[in-house]
Structure formats: C-alpha cells, structure tokens
Amino acid sequence: MQSLSRLRYLTSGESHGPGLTSIVEGLPSGLSLSVEDINRDLARRQKGHGRGGRMKIEKDEVTIRAGLRHGKTLGSPLCLLIENRDWQNWQNEMSPSEPTEPLKRVVKRPRPGHADLVGGLKYHFRDLRNVLERSSARETTSRVAVGAVCRRFLEDFGVKIGGHVLQVGPLRAQQRPDSVKAIWDKTEDSPLRCFDKKVEGQMVALIDEAKKKGDSLGGIFEVYVEGLVPGIGSYVHWDRKLDGRLAQALLSIQAVKGMEIGEGYQGAQSFGSQVHDEIAYDDQAKHFYRLSNRAGGLEGSMTTGEPLLVRGFLKPISTLYKPLKTVDIDTKAEEAASVERSDTCAIAAAAVIGEAVVAITLADAYLEKFGGDSMEECLRNFKSYQEQIKAY
Ligand code: EPS
C-alpha cells in the first residue's frame, strides 16, 4: 500500500548476482538498531530441514551503508547490503557487462509452476535465467533484513512476533503454542520450526522421502504476534484495512498461494455462534478482552488487542529433480523441465519470512497511527493513545 505508507522500502538483487540491496524510508530517528539485530534473523532464515546446497555456500550478513549513526537511526533512508557469496561462481554468467566466455547456464526449458515461461514471454527474454534470477526466493533475504528492522521498531511498543510451522504436506502439528515465548523456546533450535515434536519427526522423514524421489513439498506456517494495541488498521476505507494489507504482504512471498486469519477457513463451515469471540471486561486491568480468539486478533480490519494469528500456505517448490514435462522455448519440442539446484521444502524459512512481512506491515500501520519524526514523538503519541483506551 505504497500510496498510504508511512514506511516505504525497495529491494533489488539477483539470486546469483553480486548482492542484495534494500532501502527503507520513513523510519523515525532515534531507533536503536545493530547489525546483530538483522544478522540474527538472516541466520534464522537460512536454517531448516529440506534446504538445498546453496545455504552451505551463503552466510548472510548485512552491511549498513546509510541511515544509522552510533547505533541509532537518523530518520534518513536506511540502506542495507547483503553480499551473495555464490557470486564468485557466477561472475561470467551474471556479469553486468558483456560476458567474456560463452554462457553455460542458459535456461530454455521452463519449469512448470515457476515464473520462467510467463516471465520470458512478458519481458521478451530468450534466456529464462533472466527471469529466475529475480523471481528466486533469494529475494526474501532482503525482506527479512527489512523485517528485522521493523521488529526492532515494534519491540519498543511492546510487540513480539514468532513464526512456526504448522504443516508439511499432509502432516499437521497437533500441539499448538499459546505465546510467542513458547514458540521461541520450543522451535528456535529445531529442524523445522514445528511446535509439535512428534509430528516434526514425521515431517523430516517425509521431506527426506520427497528428496529421494526427486519431488518437493509445501506446507503451512503461522505467525503469532503479541502486545498489539486495539485499533491498528481501520474499517473506514479498503486500503486502510489491516487484513487486506497482511494478505498482500503474505501472498507476495514466493510460493505462498493462500493465507488465513485466525480460524478463517473453519469459520466458513460453521454457525456464527461457533465462530465469534464473546467480549468481556477486566475491571482491574481496565481493558476489554475476548473469551476466545478465533478471529485471530482482527475485527473490522483492526487489531482487537488479542494476539494476531495469520497463516501462509505454500505450494511445493516448482524445481523438481525428477522434472515434469515442458516445451523448449526455441525448438518447441516436448522436453523435461530444466533442473536448477533447489530446496526440497522451504517451509521453515517461510515462517521467518512470514514474521518479516508481518513486521513490515505492522510497523507501517503503527507509524500511521503513532507516527512522528523521532522515536520519542512516536512513543509519546502511543502512550497518550493507551491512556485514552484505559479511560474509555
Ligand atoms: C531458489 C533456488 C535455490 C535456493 C534459493 C531459492 O537457489 P540456488 O539455485 O542458488 O541453489 O537456494 O534460495 C536462496 C538462495 C535463499 O537464500 O533462500 C529459487 O529458485 O527460488
């Protein structure tokens, strides 16, 4: 929603090019930020059972080129750079100037499910590498870096975010976390960021089986956010609605084909009395709350103050080591699709990417409501709103 956005960002970078750049514009001055805050999330995104060989090559680390001085933002655009280590192996193939040697990695056989074919038609390329280099989920590294900055911003307002894996293929976690702390405690050092350890073992075995067969798998991740004040987003106009903005953010992640808020899909099959969360009032804490949270923390496209729960549904990765049928774009003959090095399942990484895009969306919405030029001003506005809510 760039037209309304208080916080804007751009990313650039090809998967095997020299590196990835992000520029974040609209951050207030005085936000404490370190390289470590960003590197922690970059490292988290690289983990997960089912990832391919590339993650052994990369060790994503950020360089902050602008917008930060002595550990505090300046209010000027923040520029983040992350190098691709694999660039060393692709200098001729991905050279910004004319290549010095004949190309060896030209792609002519588009992979079903990938951007290859339509991207080639649209941008008029005869080498589909031009498409896959940017459509690659390598790009999510940039968004995780920006998300880490937004997470840091939201922390100062008491907002905490945790992502976890709910499902891989047909295997669904039966145990569910009930706090962000529970997610971090139980999933941070696990192979698939799954809260249910028994099912996680089965998920790992299923991914191994898919890999052996040259196949791939998708799944579902959930992002859980605590500490939100009621009234972030708005019901008054379509492009202010927080549910729509979250949907755009989640669906823009590579391979995400669906999203859900709270028990959204279940609700479509149930009676209203089984769906809506009854309202109660806590006299001591002086706040309204819900007796359940099936709405996933959103009513009328605004936060309710209950935890926000959103899910992303990933299709299986479209590079198959046992490739599907395709057509060569030059000869028009039937062929097996091109095989590029790839992951078998990237759901654990997707949970971290989901955290990032949710953080970016929420930071923008917080700035819309409490915006100021400095953190002091934003937090003053925030405190005054909290007092208004308490006195309601
Ligand atoms: C990807 C293909 C693989 C993944 C990549 C996403 O890259 P490569 O072809 O270099 O092995 O590793 O993901 C990343 C590089 C990353 O950082 O997540 C694709 O086609 O989308």
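The values are calculated or read from the model by the stated rules, or taken from the named source; none is laboratory data. The shown structure was predicted, so the numbers you read here are calculated from the model rather than taken from an experiment. Heads up, the Cβs are rebuilt from the backbone with ideal geometry, glycines too, and the neighbour counts pull from every protein chain shown. Accessible surface areas use protein heavy atoms only, side chains included; no ligands, DNA or RNA. Shrake-Rupley method; radii C 1.70, N 1.55, O 1.52, S 1.80 Å.
Rounded if a/c is under 1.5, else prolate if a/b is larger than b/c, else oblate: which is segment 204-247, with a ≥ b ≥ c the root eigenvalues of its Cα gyration tensor? Don't skip to the end; give the middle numbers.
Working: a/c = 9.69, a/b = 2.80, b/c = 3.46.
Oblate.
Might you work out the accessible area of Tyr265 for me, using a 1.4 Å probe with all protein chains in place, and round it to the nearest 10 Å²?
Roll a 1.4 Å probe over it and Tyr265 shows about 110 Å².
Roughly how many Å² is the accessible area per residue of the chain, as a whole number, for a 1.4 Å probe? Show your work: numbers first, answer last.
Details: 18980 Å² over 392 residues.
Roughly 48 Å² per residue, with all protein chains present.
Distance between Cα centroids, segment 239-316 to segment 88-142: provide it in whole Å.
38 Å
Going through segment 66-135, which trypsin sites (Lys or Arg not before Pro) have at most 15 other Cβ atoms within 10 Å and a DSSP loop state? Present the calculation step by step, with values, prior to reporting the outcome.
Values: sites: Arg69, Lys72, Arg85, Lys104, Arg105, Lys108, Lys122, Arg126, Arg129, Arg134; in loops: Lys104, Arg105, Lys108, Arg126.
Taking segment 66-135 and a limit of 15 other Cβ atoms within 10 Å, the loop trypsin sites (Lys or Arg not before Pro) found are Lys104, Arg105, Arg126.
Tell me which aspartates and glutamates have Cα within less than 17 Å of Lys212's Cα, excluding those fewer than 8 residues away on the same chain?
Glu340, Asp343
Here is the link list: Lys108/Lys211; Lys257/Lys369; Lys213/Lys315. Which ones come out longer than 22 Å on Cα distance?
On the way: Lys108/Lys211 24 Å; Lys257/Lys369 30 Å; Lys213/Lys315 17 Å.
Going by Cα-Cα distance, Lys108/Lys211; Lys257/Lys369 fall outside the 22 Å limit.
How much length is gained if the chain between Val339 and Val327 is pulled fully straight, taking 0.36 nm per residue apart and subtracting their Cα-Cα distance, in nm to one decimal? Walk me through the intermediate numbers first.
Working: separation 12, 0.36 × 12 = 4.32 nm, distance 1.37 nm.
Length gained, Val339 through Val327: 3.0 nm.
Exposed loop GluC sites (Glu not before Pro) only (DSSP loop, at most 13 other Cβ atoms within 10 Å): please give the longest stretch of the chain free of them, not including the sites. Intermediate values should be presented prior to the final figure.
Values: sites that count: Glu188, Glu278.
With a cap of 13 other Cβ atoms within 10 Å, the longest stretch comes to 1-187.
Over the chain, what percent of the accessible surface lies on carbon and sulfur atoms, probe 1.4 Å? Working shown, then result.
Details: 9960 of 18980 Å².
C and S atoms contribute 52 percent here.
Rounded, prolate or oblate: pick one for segment 107-255, where a ≥ b ≥ c are the square roots of the eigenvalues of its C-alpha gyration tensor, a/c under 1.5 means rounded, and failing that, prolate if a/b is larger than b/c, else oblate. Spell out each step's value before the answer.
Details: a/c = 2.29, a/b = 1.21, b/c = 1.89.
Oblate shape, in that a/c is at least 1.5 and b/c is the bigger or equal ratio.
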